[in-house]
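As structure tokens, the structure follows; a few thoughts come after it.
The values are calculated or read from the model by the stated rules, or taken from the named source; none is laboratory data. Source: prediction; values computed, not measured. Note that we place each Cβ from the backbone using ideal geometry, even for glycine, and neighbour counts take in every protein chain shown.
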Amino acid sequence: MDSINTVPIELTVVLGDSTMPVNHLLKMGRGAVIELETLANEQVQILANNTPIATGDVVVKGDKIAVTITSKIAAKNS
């Protein structure tokens, strides 16, 4: 069981998404803001190796940003 504890997993938290033309993206400079198609109080999606595993809420404490897991996504049987 110890060997499984050393397997690296990439965790990703998806705050939202946005669609824009490439030329608009290339014109953006430092400090540009990209608006997301997500509301401030919507839950975020948590992925492990690009697979959805949970949803959560964003928590801001001082200058740190974290995510509280609110629900797990059931594993699909393949």
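Quick notes on this one:
- Residue match in the range 7-17 (condition: out of contact with any Leu (no Cβ under 9 Å at 6 or more places or on another chain) and either among the small types (G, A, S) or touching a residue at least 24 places away in the same chain (Cβ under 8 Å) (or both)): yes
- Residue within the range 35-44 that is within 15 Å of L15 (Cα to Cα) and touching a strand residue (DSSP E or B) at 6+ places or on another chain (Cβ under 6 Å) present: yes
- Restricting the range 50-78 to residues that are assigned to a loop (DSSP other than H, G, I, E, B) and either small (G, A, S) or modelled with pLDDT of 90 or more (or both), the residue that is surrounded by the most Cβ atoms within 10 Å (Cβ to Cβ): I73
- Residues located in the range 26-38, provided they are under 24 Å from N50 (Cα atoms) and of a type outside the set (D, E, K, R): I34, L36, T38
- Those residues of the range 10-34 which are within 18 Å of the chain's Cα centre (by Cα), modelled with pLDDT under 95 and part of a loop (DSSP other than H, G, I, E, B), in sequence order: L15, G16, D17, S18, T19, V33, I34
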